[in-house]
Amino acid sequence: MKSLILFLQEILADAEIWCRTSTTSDFQTIQRRVEHEGLSFLTITLPNFGQDLQKALDQGFVSDDLFAGFKRKGGLPQFLGGFLRLVFDSKKGCLLSEPSIEVIRTLRQITLMWAKINVPCSDTRVVSAIRRYVECEKDLRESHEHLSSKDLEEFCRIGNLLWADSLSRADKSVYDKGIIPKHGPGATADRLKGNSKWRQTEWSERLDRVFPFGEHLASSWRFFQDLANVSILEPGAERPVRVITVPKTLKSPRIIAIEPSCMQYVQQGLLATIEKSIQADDRAWTFIGWASQVPNQHLAWKGSKYQTLATLDLSEASDRVSNQLVRLLFRNFGTLADSIDSSRSRKADVPGHGVIRLAKFASMGSALCFPIESMVFLTLVFVGIERELRHPISQKEISSFLGKVRVYGDDIVIPVEYVQSVSNVLSTFGLKVNVDKSFWNGKFRESCGKDYYDGEDVTVIKVRNLFPTSLTDGSKIISALSLRNQLYFVGFWRSVSFLDRMLEGILPLPYISERSSMLGRHSFLGLEPAEKMCPNLHRPLVKGGRIRSNLPASQLEDYGALLKCLIRLESREMLDFSDEFTSLPGSDISHLTHSGRPLSVDIKIGWGYSD
């Protein structure tokens with residue numbers, strides 16, 4: 001805690017320099033509040049202050065409901081008041097005609113940089129998040145029951161306009177060629193790790209009707225006798241997803257559902273087929289392509305600069321996509337629909353609530369969650385646009401929204417004039433628009449991790465972890481160095497010096513290029529002078545830290561090894577840089593002896609190239 005407060009003092013010192021405003025009383029307030037409230041002042045109270053700032057920017061004035069818990073002087077809080085007076089009128093609280101964008105950027109950095117620090121929530125907040133997960137199931141069922149036949153007809157018709165070509169292509173591919181299933185390195189509900197996933201002992205009866213286990217758990221039927229121990233589970237006996245919480249913010253954890261191995265195995269294969277089919281449709285891929293966040297970020301900049309586009313964010317997005325809607329979306333594509341339904345887990349094991357039946361399509365953790373929720377959200381967006389247009393939308397009109405509408409998961413960009421109609425439709429179909437993170441009135445916009453005000457980048461550089469104290473804190477060292485280098489390039493020099501002093505007491509910190517595999521400092525001034533030369537390549541060497549993450553030992557032999565090798569070969573045309581299939585087949589000679597997620601991240605000191 002002490003190191004975080006000292007670091008925040010340096011952040012405030014940099015803020016003084018950039019904005020020419022005293023922060024002495026502000027730091028005293030922070031010290032006093034932290035002493036009484038603890039870490040939650042940094043991770044909850046300050047971020048709430050930053051979110052209220054965003055609301056005030058969006059609505060154009062500081063209303064009475066904003067900045068709760070902070071004393072006011074005139075129309076503004078006294079805390080950080082010297083900065084706020086350069087953005088809002090000190091008496092009326094109205095946004096100035098030309099607010100200081102540098103102050104807006106600095107205020108957001110001071111208040112929001114702590115929001116996602118990797119610290120576990122309290123047990124009370126975890127229990128509350130789990131309870132909301134269960135309540136969401138009830139909300140979903142009730143919202144679907146209240147949908148009218150007109151609502152469902154509109155959804156189906158617009159879904160067909162948007163996705164008929166892509167889904168027909170995917171449906172034909174699954175029917176003609178099947179899928180290429182695969183395992184990732186992550187956790188599974190049956191707790192199989194590494195290469196043990198390639199010797200599965202469970203398969204569901206629902207899966208077997210569409211994807212016979214003998215064809216997908218072995219390279220050929222000649223190995224059928226090796227699958228004698230595979231249990232084919234009836235629907236009532238299927239293993240549920242395992243619901244867990246992972247750190248998100250100190251206010252609330254993120255809830256994910258860990259899928260059984262057999263389900264995730266098939267979901268990954270279906271994902272590759274669906275992605276390839278949508279990529280082949282230029283219009284569809286432009287609307288929802290999930291290969292890059294940059295298009296959403298560009299549209300957020302455009303909305304900020306010209307106020308023509310709005311950015312919407314959804315709360316509990318994944319958990320509020322009804323399975324019934326997904327069934328409707330895919331109902332005309334029989335093979336694909338059966339494949340998706342067979343690989344969907346129907347039950348969840350929820351801590352404190354036992355096993356419950358799911359109304360949602362899937363939680364985060366399913367390989368199909370992200371792409372299918374994006375398809376559902378885009379369909380609902382155009383339902384809202386059609387209702388605002390007051391006539392059935394045509395293919396030509398849909399195409400006219402290219403470059404104006406885009407969905408990336410729960411990050412949505414739409415034209416400002418359709419916000420109310422789209423928000424109403426989303427609400428009707430059981431979704432929640434997060435008004436605290438949705439913007440359309442003023443000049444502030446955010447999408448996919450980038451924030452803009454009046455066309456200027458005001459993105460916050462976040463503290464992702466507590467600070468390291470020794471070389472054994474590998475992930476904390478990596479996080480602190482990333483923070484240091486990001487702050488360097490925006491000119492927070494005193495904060496950078498503080499981090500340099502702290503890290504220099506732990507490991508060597510050479511100046512390196514951004515391409516280097518070494519751990520070190522980035523600089524406008526060039527690289528570290530060579531301490532010695534590589535005798536083989538005659539390249540300059542510097543001494544520093546190098547990340548070493550050893551994969552767990554996991555031996556695979558027999559039919560499982562053959563199956564993995566053959567699937568790696570088949571996957572060459574579908575390489576995905578997010579999983580273990582990124583290497584060309586045969587290039588990773590240890591994949592049959594070591595597999596899975598690294599158990600820990602180690603840092604070793606040694607010699608390496610600075611560029």
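The values are calculated or read from the model by the stated rules, or taken from the named source; none is laboratory data. Because the structure is predicted, anything quoted here is derived from the model rather than measured. A quick note on method: Cβ atoms are made from the backbone with ideal geometry, for glycine too, and the neighbour counts reach across all protein chains shown.
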Practice problem: State whether the residues of the range 21-29 include one that is in contact (Cβ under 8 Å) with a residue 12 or more places away in the chain, buried (at least 18 other Cβ atoms within 10 Å of the Cβ) and within 32 Å of the chain's Cα centre (by Cα). | Solution: no
Practice problem: Hey, can you tell me all the residues within the range 301-312 that are of a type outside the set (A, V, I, L, M, F, W, C) and either part of a helix (DSSP H, G or I) or modelled with pLDDT under 95 (or both)? | Solution: K302, G303, S304, K305, Y306
Practice problem: Determine which member of the set A164, A187 is assigned by TED's automatic domain parsing to the domain that holds F377, part of a loop (DSSP other than H, G, I, E, B), among the small types (G, A, S) and surrounded by fewer than 20 Cβ atoms within 10 Å (Cβ to Cβ). | Solution: A187
Practice problem: Restricting attention to the range 313-329, report how many residues are in a helix (DSSP H, G or I) and either surrounded by 22 or more Cβ atoms within 10 Å (Cβ to Cβ) or of a type in the set (D, E, K, R) (or both). | Solution: 7
Quiz item: Is one or more of the residues making up the range 149-157 farther than 30 Å from L39 by Cβ, crowded, with 21+ Cβ neighbours inside 10 Å, assigned by TED's automatic domain parsing to the domain that holds F333 and modelled with pLDDT of 95 or more?
Solution: yes
Quiz item: Exactly one of (1) among the aliphatic types (A, V, I, L, M); (2) in contact with a strand residue (DSSP E or B) (Cβ under 9 Å, 6 or more places away or on another chain); (3) at pLDDT 90 or above; (4) closer than 24 Å to K360 by Cα is unmet by V246. Its number?
Solution: (3)
Exercise. Only residues that are part of a loop (DSSP other than H, G, I, E, B) and crowded, with 21+ Cβ neighbours inside 10 Å: list them for the range 241-288, please.
Key: L250, E259, P260
Exercise. Would you tally the residues in the range 190-219 being assigned to a loop (DSSP other than H, G, I, E, B), within 24 Å of V174 (Cβ to Cβ) and in contact (Cβ under 8 Å) with a residue 60 or more places away in the chain?
Key: 5
Practice problem: Would you check if K404 is modelled with pLDDT of 95 or more, under 30 Å from K150 (Cβ atoms) and not β-branched (V, I, T)? | Solution: yes
Quiz item: What single numbered condition from (1) out of contact with any strand residue (DSSP E or B) (no Cβ under 6 Å at 6 or more places or on another chain); (2) crowded, with 17+ Cβ neighbours inside 10 Å; (3) assigned to a helix (DSSP H, G or I); (4) among the hydrophobic types (A, V, I, L, M, F, W, C) fails to hold for L140?
Solution: (1)
Quiz item: What pairs can you find where one residue is in the range 515-539 and of a type outside the set (K, R), the other is part of a loop (DSSP other than H, G, I, E, B) and loosely packed, with under 10 Cβ neighbours inside 10 Å, and their Cβ atoms are less than 7 Å apart, with a gap of 6+ or different chains?
Solution: H522/E514
Self-check item: Residues satisfying the stated conditions in the range 391-434, i.e. under 23 Å from S366 (Cβ atoms) and small (G, A, S)
Solution: G409, G430
Quiz prompt | Pair list, Cβ < 8 Å and 6+ apart or interchain, from the range 298-321 residues that are closer than 27 Å to A257 by Cβ to residues that are among the acidic types (D, E) and outside any strand (DSSP E or B) | solution = D313/D410; L314/D410; A317/E373; A317/D410; S318/E373; S318/D410; R320/D139; V321/E373
Self-check item: Close pairs (6 angstrom Cβ cut-off, 6 or more residues apart or separate chains): farther than 19 Å from L466 by Cβ in the range 236-261, among the aromatic types (F, W, Y) anywhere
Solution: I255/Y133
Quiz item: Within the range 321-336, which residues are over 13 Å from T379 (Cβ atoms) and among the hydrophobic types (A, V, I, L, M, F, W, C)?
Solution: F333, L336
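Take the range 30-57 and flag every residue that is free of Cβ contacts under 8 Å to residues at least 40 places away in the same chain and crowded, with 17+ Cβ neighbours inside 10 Å.
I30, R33, V34, F41, T45, N48, D52, A56
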Quiz prompt | Search result, residues across the range 175-184 that are in a helix (DSSP H, G or I) and either buried (at least 23 other Cβ atoms within 10 Å of the Cβ) or among the hydroxyl-bearing types (S, T, Y) (or both) | solution = Y175
Self-check item: Residue that is farthest from M113 (Cα to Cα), among those in the range 58-77 that are surrounded by fewer than 20 Cβ atoms within 10 Å (Cβ to Cβ) and of a type in the set (F, W, Y)
Solution: F61
Exercise. Scan the range 471-493 for residues that are buried (at least 20 other Cβ atoms within 10 Å of the Cβ) and either within 20 Å of the chain's Cα centre (by Cα) or part of a loop (DSSP other than H, G, I, E, B) (or both) and jot them down.
Key: S479, L483, F492
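Restricted to the range 313-327, and to residues that are charged (D, E, K, R) and out of contact with any Ser or Thr (no Cβ under 8 Å at 6 or more places or on another chain), which residue is nearest to F429 (Cα to Cα)?
R320
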Quiz item: So is S513 hydroxyl-bearing (S, T, Y) and at pLDDT 90 or above or not?
Solution: no
